[in-house]
1. Considering only residues of segment 149-174 that are assigned to a loop (DSSP other than H, G, I, E, B) and within 12 Å of the ligand (Cβ to nearest atom), which is nearest to the chain's Cα centre (by Cα)?
2. How do the pairs read when you match residues in segment 17-44 that are outside any strand (DSSP E or B) with residues anywhere that are loosely packed, with under 14 Cβ neighbours inside 10 Å, using Cβ under 7 Å and keeping only pairs 6 or more apart or on different chains?
3. Among (1) of a type in the set (Ser, Thr, Tyr); (2) more than 23 Å from Thr65 (Cβ to Cβ); (3) touching a residue at least 40 places away in the same chain (Cβ under 8 Å), there is one condition Ser119 misses while meeting the rest; what is its number?
4. Out of segment 46-72, which residues are touching a Ser or Thr at 6+ places or on another chain (Cβ under 8 Å) and either part of a loop (DSSP other than H, G, I, E, B) or at pLDDT below 95 (or both)?
5. Return the total of residues in segment 186-226 being within 15 Å of the ligand (Cβ to nearest atom), closer than 30 Å to Glu159 by Cβ and either of a type in the set (Ser, Thr, Tyr) or not in a strand (DSSP E or B) (or both).
6. Given the residues Lys92, Lys75, Lys115, which is the only one that is of a type in the set (D, E, K, R), on the phi < 0 side of the Ramachandran plot and at pLDDT 95 or above?
7. Has segment 9-16 got at least one residue that is of a type in the set (Gly, Ala, Ser) and under 16 Å from Leu231 (Cα atoms)?
8. Return the pair list, or none, for Cβ contacts closer than 7 Å from residues in segment 161-187 that are at positive phi to residues that are near the ligand (Cβ under 10 Å from one of its atoms) and modelled with pLDDT of 95 or more, at least 6 apart or on different chains.
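The values are calculated or read from the model by the stated rules, or taken from the named source; none is laboratory data. Small disclaimer: the values here were computed from a predicted structure and weren't measured. Every residue, glycine among them, receives a Cβ derived from its backbone with ideal geometry; neighbour counts consider all protein chains shown.
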Amino acid sequence: MTNKLKYFVANWKMYGHLKSLKSLDKVVKFQKKNKKAKKIKIVYCPPFTLLYPFVQKLKNSNIKTGAQNCSFESKYGPPTGSINAKMIKSLKCEYVIIGHSEKRAKGESDQIINKKIQSALKNKLKVILCIGETLSQRKKRKTKKILFNQLNRCLKKIENKNKIIVAYEPIWSIGSGLIPKSKDLEKTLNHIEIFLINKMRFKNPIILYGGSVNPKNIMLLKKVSYLDGFLIGGASQNSNKFIDIIKKTFN
Ligand code: 13P
């Protein structure tokens, strides 16, 4: 293990209901009993409907909770169907994912993401900011430019850098079973790290990788440098797979 691998964030996306709470038992037990697991950070990001039950269920454990999105509006108000950072924080949630490509695909711009980050930080939530390129952008060798543009715009005028985690999620990798070649991934992560330090004035950037992480490919992924952890979708909904992924990074 590269010691750096500390974060294991479960993004449950639009899955799960009250009965799914039961599946957390195994993970709670694992974190309590396994020495190495005590030193890592596990964060569950369920859909809004399950946020409070998750917070309640996990309150006596070391496992944290996060939302998958928040409104850019800080104040209470009329936007029907929206949930703001203040509401999320009021549940004792600590994290929020912002700028996921599945939201960007529905029209969320870097400017909106920037406002959401401001609102989340104002409400003392830690932000997991997602960035990533499409397959066609990658084929045109535009990855670096796309990522730098996203970071530049999303982090414009943001002061509190130590509350932001960046998750690199190549869009073509999400849910596809495909992951970047280790060399390519390492190069991209290195670019992101340098950009965050030199241009965005991060002191100690925390960078995650997301996209088809599973118990098989984790053996390859765990060897990649410049990584602090993983943002895991599909595989995180199955406790056995999730634990397996985490355990395999320990050896
Ligand atoms: P998968 O792990 O299902 O590819 O999802 C990745 C993701 O989008 C996490 O935010």
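1. Applying the first criterion (assigned to a loop (DSSP other than H, G, I, E, B)) to segment 149-174 yields 155-160, 169-170, 174.
The next check asks that each one be within 12 Å of the ligand (Cβ to nearest atom); those that pass are 169-170, 174.
Numbers: Glu169: 9, Pro170: 13, Ile174: 13 Å.
Residue satisfying both the conditions and the ranking: Glu169.
2. Listed pairs, sorted by first residue: Gln31/Lys38.
3. If we test Ser119 against (1) of a type in the set (Ser, Thr, Tyr); (2) more than 23 Å from Thr65 (Cβ to Cβ); (3) touching a residue at least 40 places away in the same chain (Cβ under 8 Å), just (2) comes out false.
4. Going through segment 46-72, the residues touching a Ser or Thr at 6+ places or on another chain (Cβ under 8 Å) turn out to be 46, 50-51, 54-55, 58, 70-72.
Listed by number, the residues that qualify are Pro46, Cys70, Ser71, Phe72.
5. Residues that pass the stated criteria total 2.
6. Values: Lys92 fails: on the phi < 0 side of the Ramachandran plot; Lys75 fails: at pLDDT 95 or above.
Sole residue among the options that is of a type in the set (D, E, K, R), on the phi < 0 side of the Ramachandran plot and at pLDDT 95 or above: Lys115.
7. Yes, segment 9-16 contains at least one residue that is of a type in the set (Gly, Ala, Ser) and under 16 Å from Leu231 (Cα atoms).
8. Pairs that qualify, where the first residue is at positive phi and the partner is near the ligand (Cβ under 10 Å from one of its atoms) and modelled with pLDDT of 95 or more, are Gly175/Ser212; Gly175/Gly233; Gly175/Gly234; Gly177/Ser212.
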